[in-house]
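Down below is the structure, laid out as structure tokens.
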Amino acid sequence: MTQGRSIRSRALTDGVRAFAPLLIAVIPFGLVFGIVAAGSEVGPWLGGATSFIIFAGAAQLATLQLIDAGAAGAVVVATALVINARHLMYSAALAPAFREFPRWARFALPYLLTDQAFALSIVRFGQVEDPAYRRWFFTGAGLSLWVPWQIFTVTGIVLGAQIPASWSLDFAIPLMFVILLIPTIKGRPELIAAIVGATVAVVAAGAPYGLGLIIGAVSGVVAGVIAYRAAP
Amino acid sequence: MTNVGIILVIGIGTYLLRLSFIGIVGDRVMPEWALVPLRFVAPAVLAALIAPAVLLNDGALDVSPASNPRAIAALVALLLAWKTKSVPVVIAAGLITVWAFQALF
């Protein structure tokens, strides 16, 4: 029990610590989202509540933009879920590790699954096999995004449109993805997956319903598998 | 559909996407044919998230530092992320590069 508790507190701390540097990008994103929500047709509080209900920044932004543009409900839902379809792939990648978790954790923790929690966890799960450590590391990393995301959404709503767009703070989002990308390039097949994914996503950017991201990602994975089969 | 309804459906759908494989495959071992592609998911998705955000300007490819400083700033960030692995360094250098080119042009 003592050992279980010490693993829990160590893993939680490690998860929070691993996430901490990413806060510098999450905080401006949360603020920017709150500011967008403050000016949205859906109203600041329902717009802000998407941080709790959806908890996926890109899809939240797309949802508010489409509602503001007067899109049909079914189109808004379809677009947001297409943007979030990448979580299928994260879920598949994490499933072998989550298989070792208790039932409550298998159903509760996926709510905290994000790009960042996935990227940090998939790297750490490759280093540590203990299921208890993995479970609490994921919880620590997941809550490290969830808690500030709620706080800074509300702060952004309160601040309203006082931060000028010319500060380009939203650029912190792709910068954060750049930082997460580098450690995933472990070899030539991963590099090919990234280059093909990036190229196809740019070419397919005009695809309807935000499908460009998914088309790019799937092309990158296929290219990576082909490169891996050619020279593992 | 009301706005509340739209947002609730997206929220539930997003949770189900996150739960999908964890909830369904949870008690089974994933086959080898599924495991190999998964190692390429992270680099492919992250690159596909980054490239359109930094290379496109109003939907068109634009790598000119004058009209789209995000492209050159992303290149600076990529090199620094590779060399330093420091998050504050990369975020600061990326933002400062954008601000510098915005001030220049």
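The values are calculated or read from the model by the stated rules, or taken from the named source; none is laboratory data. Source: prediction; values computed, not measured. We place every Cβ from the backbone using ideal geometry, glycine too, and count neighbours over all the protein chains shown.
For this structure, a couple of remarks:
- Checklist (1) aliphatic (A, V, I, L, M); (2) more than 10 Å from every other protein chain (Cβ to nearest Cβ); (3) surrounded by 14 or more Cβ atoms within 10 Å (Cβ to Cβ) applied to B:Leu104, failing item: (3)
- Candidates in region A:174-188 are the residues that are in a helix (DSSP H, G or I) and more than 7 Å from chain B (Cβ to nearest Cβ); of these, the one that is surrounded by the most Cβ atoms within 10 Å (Cβ to Cβ) is A:Met176.
- Enumeration of residues in region A:89-113 that are under 12 Å from the mean Cα position of the chain (by Cα) and surrounded by fewer than 21 Cβ atoms within 10 Å (Cβ to Cβ): A:Tyr111, A:Leu112
- Qualifying residue in region A:205-216 (condition: in a loop (DSSP other than H, G, I, E, B), surrounded by 19 or more Cβ atoms within 10 Å (Cβ to Cβ), among the small types (Gly, Ala, Ser) and at pLDDT 85 or above): yes
- Residue in region A:68-88 that is modelled with the highest pLDDT, counting only those that are of a type in the set (A, V, I, L, M), more than 23 Å from B:Gly23 (Cα to Cα) and surrounded by fewer than 20 Cβ atoms within 10 Å (Cβ to Cβ): A:Ala74
- Residue selection: A:Phe118 satisfies the criterion of being on the phi < 0 side of the Ramachandran plot, of a type outside the set (Ser, Thr, Tyr) and facing chain B (nearest Cβ under 10 Å).
- Meets criteria (within 14 Å of B:Arg18 (Cβ to Cβ), of a type in the set (D, E, K, R) and assigned to a helix (DSSP H, G or I)) for A:Arg106: yes
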